[in-house]
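For reference, the structure discussed in these notes is given below.
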Amino acid sequence: MKKVLVVRGSCIGDTLFVQEMIKLFSKSENIQFDVLTYYEKLKFLYQGAVKDCNIYCAKLTERESEHEINGSSKIMAILKQLKLNNYCSVIVADYQSRRLLKMIYNIMGFNNIYTWSIHYSKNQKVHRDKRLGTKVFEKLSELKGVKIVEFYPQKHISLNLYNLFNSAFGNDNLEFPESHTRAMIPLSSMFNASDGIVVNITGKPHDNRAFSEHTYQSLLSSLLLMKTRVAIVVDDKNKQDVISFIERNKYTNKIDVIQGDLEHDVLHKLLNYKYFVGVDGGLSHCAAALGLYLISVYSVDMYSLWRPWTDRNISIIIKNASEVTSEQILEKYKQISSCSTI
């Protein structure tokens, strides 16, 4: 049996899409997949999807960035350990971590390393670091055994992953999945609710990926007037503001506040609801994988690459998620609820 190492260090959405490809290719190929990632808390997503998949984690802390971990002693120690596993190929599913790719090459010494590269035309307006990164990858592609696969920012991440995996295995007969399989998260075998909506207000305001306070408060009030069963996902940053809003408006017994561990708290509670409202982020991808109907909010430049991979989604495409209104969300909610079926 062939052994293949897949390296993808980033967050929830990345994890879901990578394990979908692992599951797809492990069915058609006699392959033992191992995964190197950064987040211990996401191991269950891989383990639930693919049997006998070994997960290696650098155990990135909340204070460390992915950029810092790429050159750290943690990664170096794991790579030296993995060198003993005799992999036939390494798939580096990351088009930005150039230092990590070079470390893999120098420490593990593989002849079959597959990774991505983005090529920008001269007239494209992109950040200097990204254009520099392309040149670095081009240099790495000159190294013996490193194979570069084109990454297309205008295509969905799943399509790019499929092309990357396919370059390693050369199997053109595999049918590409048009949406997440609902079994990709173990919990998805459970029965989904027939009504109710979850509003996710966690996000990254500095990255234009979060609802404004006015929008989510207006949305919650409108949903309750419609006699809709409502839940809201919060984090430590906004929990107290939400609780104050709920108590001030006497919504205490009408809104379920969801917070906690992703595996044991959040995902289980999502299955009590049929609809999900959220911005570009990992929880939207989880909701899609669990089979919920989505109203997702995406920026123009991220929609093509990172939209939820499901046919149960209606998106609002806007420059800044904080500018979306409750009226826009309610219009999409009425639209998707009028045609959704269990």
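Look at (1) touching a strand residue (DSSP E or B) at 6+ places or on another chain (Cβ under 8 Å); (2) open to solvent by less than 20 Å² (accessible area, probe 1.4 Å) and you find that S315 fails only one, number (2).
When the residues of region 225-258 are filtered to those that are open to solvent by 30 Å² or more (accessible area, probe 1.4 Å) and either assigned to a helix (DSSP H, G or I) or touching a residue at least 60 places away in the same chain (Cβ under 8 Å) (or both), the one that is nearest to S284 (Cα to Cα) is K239. Of all the criteria given as (1) more than 25 Å from Y298 (Cβ to Cβ); (2) touching a Leu at 6+ places or on another chain (Cβ under 7 Å); (3) open to solvent by less than 30 Å² (accessible area, probe 1.4 Å), the one not satisfied by L271 is (1). Residue check: I12 meets all listed conditions (1) at pLDDT 80 or above; (2) among the β-branched types (V, I, T); (3) open to solvent by less than 20 Å² (accessible area, probe 1.4 Å) but one, namely (3). Against the conditions (1) among the hydrophobic types (A, V, I, L, M, F, W, C); (2) modelled with pLDDT of 90 or more; (3) open to solvent by 30 Å² or more (accessible area, probe 1.4 Å), I295 satisfies every one except (3).
Being closer than 24 Å to E323 by Cα and either part of a helix (DSSP H, G or I) or of a type in the set (S, T, Y) (or both), is that true of even one residue in region 186-201? No, every residue in region 186-201 fails to be closer than 24 Å to E323 by Cα and either part of a helix (DSSP H, G or I) or of a type in the set (S, T, Y) (or both). Within region 260-277, at least one residue is more than 18 Å from S158 (Cα to Cα), in contact with a Gly (Cβ under 7 Å, 6 or more places away or on another chain) and hydrophobic (A, V, I, L, M, F, W, C).
Selection within region 204-213: residues that are touching a residue at least 60 places away in the same chain (Cβ under 8 Å) and closer than 19 Å to S244 by Cβ. The member of this set that is surrounded by the fewest Cβ atoms within 10 Å (Cβ to Cβ) is P205.
The values are calculated or read from the model by the stated rules, or taken from the named source; none is laboratory data. Computed from a prediction, not measured in an experiment: that's the story for all the values here. Note: ideal-geometry Cβ built from the backbone for every residue, glycine included; neighbour counts use all protein chains shown. Areas reflect the complete protein model, heavy atoms only, side chains present, ligands, DNA and RNA absent. Shrake-Rupley method; radii C 1.70, N 1.55, O 1.52, S 1.80 Å.
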